[in-house]
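Visitor: I am attaching a structure below and will ask some questions about it afterwards.
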Amino acid sequence: MTTLQATPTAQRAGNRPMGALLASVSLVAGPALIALALATFVDPWNGNQPDYGTINSRHTLLMWSFNLAALSFPFLFGSVVAIAAAARRSRLTAGTGLAMSMLGLAAMYGNSMLSVPLVLMNGIDDHAGLDHLATRLDSPPLAVLWCFPLYFLGSVLLAVALWRARSVPRWAAVGIGLGGFFPVAIVTGIGALALPIAAARIAGSIPIVKSLLAARKS
């Protein structure tokens with residue numbers, strides 16, 4: 001079986017047309033929005049201190065990047081749920097991949113929001129207190145924020161679950177797995193890497209989207 005059209009998941013989606021539509025939108029919008037956010041991101045840090053030159057001169061671009069990132073996460077959460085549902089025939093692997101993806105996304109969101117206060121420092125001349133605040137932001141006490149690589153591991157497990165379940169073509173499962181490399185773009189600071197990563201994720205999701213929309217119409 002190379003599509004989801006005959007699976008119980010697609011049949012259930014057909015009974016919940018709005019859920020199928022939201023899942024389809026999430027599978028495309030989530031990767032696309034986070035890729036745009038990372039591609040437009042400029043680092044407001046200079047080591048563990050704010051880079052005030054960048055903050056002041058690139059403030060508008062930084063705000064666009066953070067707004068795109070904030071908008072992307074609801075869709076990203078929805079997308080991993082949709083992928084796990086498509087791979088539910090491999091229940092344990094899909095469930096583990098879903099849990100790890102969710103935790104990784106939560107950590108990614110938390111880390112991205114830590115830099116928002118820096119961007120809001122634009123135009124403030126007194127830097128003494130801001131530098132002290134930045135030091136605390138650079139070393140947050142929340143250990144869970146270090147869990148963002150779990151998004152990659154979760155994506156790999158979801159890809160394995162799809163492969164085992166045979167609910168999508170195998171090339172699609174590979175695309176889903178490659179779409180888990182967003183943390184690499186974040187860690188390396190090469191935002192442009194997010195564009196091909198998002199393309200792989202969206203391409204791998206196309207069979208799921210087609211199945212969901214077909215079930216919605218039936």
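Visitor: Can you bin every Cα-Cα distance in segment 94-216 into 5 Å intervals starting at zero and give me the percent of pairs per bin, rounded to whole numbers?
Guide: Computed distribution, short to long bins: 2, 11, 15, 18, 16, 12, 9, 7, 5, 3, 2, 1.
Visitor: Using the C-alpha gyration tensor of segment 150-208, what are the square roots of 5 times its eigenvalues, in whole angstrom, with the largest one first? If you can, show how the numbers build up before the last one.
Guide: Working: eigenvalues 93, 30, 6 Å².
Computed over segment 150-208, the values are 22, 12, 6 Å.
Visitor: While we're here: Using a simple spin-label model with points 7 Å from Cα along the Cα→Cβ vector, what separation in nm is obtained for ALA70 and ILE124?
Guide: According to this spin-label approximation, the distance is 1.7 nm.
Visitor: Looking at segment 24-152 from every direction and averaging, what is the projected area of its Cα convex hull in nm²? Display every interim value, and only then the final one.
Guide: On the way: hull surface 32.9 nm².
If I average the Cα hull's projected area over directions, I get 8.2 nm².
Visitor: Can you work out the Karplus-derived ³J(HN,Hα) for every residue in segment 191-200? Use 6.51 cos²θ - 1.76 cosθ + 1.60 with θ = phi - 60°, whole Hz, and x for glycine or proline.
Guide: Going residue by residue, I get x, 5, 4, 5, 5, x, 5, 5, 4, 5 Hz, with x marking Gly and Pro.
Visitor: Compute the distribution of all C-alpha to C-alpha distances in the chain, in bins of 5 Å from 0, and list the percent of pairs in each, rounded to whole numbers.
Guide: Computed distribution, short to long bins: 1, 8, 15, 18, 17, 13, 9, 7, 5, 4, 2, 1, 0.
Visitor: Calculate what fraction, in whole %, of the accessible area of the chain sits on carbon and sulfur atoms when a 1.4 Å probe is rolled over the protein chains.
Guide: Ligands and nucleic acids excluded, carbon and sulfur give 68 percent.
Visitor: Let me ask something else about it. Could you pull the accessible area for ASP131 with a 1.4 Å probe, rounded to 10 Å²?
Guide: Roughly 50 Å² of ASP131 is accessible to a 1.4 Å probe.
Visitor: What residues qualify as long-range amide H neighbours of TRP45, i.e. H under 5 Å apart, gap of 5 or more or another chain, H built at 1.01 Å from N?
Guide: Answer set, sorted by chain and number: ASP51.
Visitor: Next question. Which of the peptides 118-124, 65-71 is most tightly packed, and how do the rest follow, going by the mean number of other Cβ atoms within 10 Å of each residue? Provide the component values of the computation, followed by the final result.
Guide: Values: 118-124: 16.6, 65-71: 18.1.
In descending order of packing, they fall as 65-71, 118-124.
Visitor: Assuming 1.002 mPa s and 20 °C, estimate D for segment 56-110 with Stokes-Einstein, Rh taken as the Kirkwood radius over Cα pairs, in µm²/s.
Guide: 170
The values are calculated or read from the model by the stated rules, or taken from the named source; none is laboratory data. These figures come from a predicted structure and were not determined experimentally. All Cβ positions, glycine included, derive from the backbone under ideal geometry; neighbour counts span all protein chains shown. Only protein heavy atoms, including side chains, enter the accessible area calculation; ligands, DNA and RNA are left aside. Shrake-Rupley method; radii C 1.70, N 1.55, O 1.52, S 1.80 Å.
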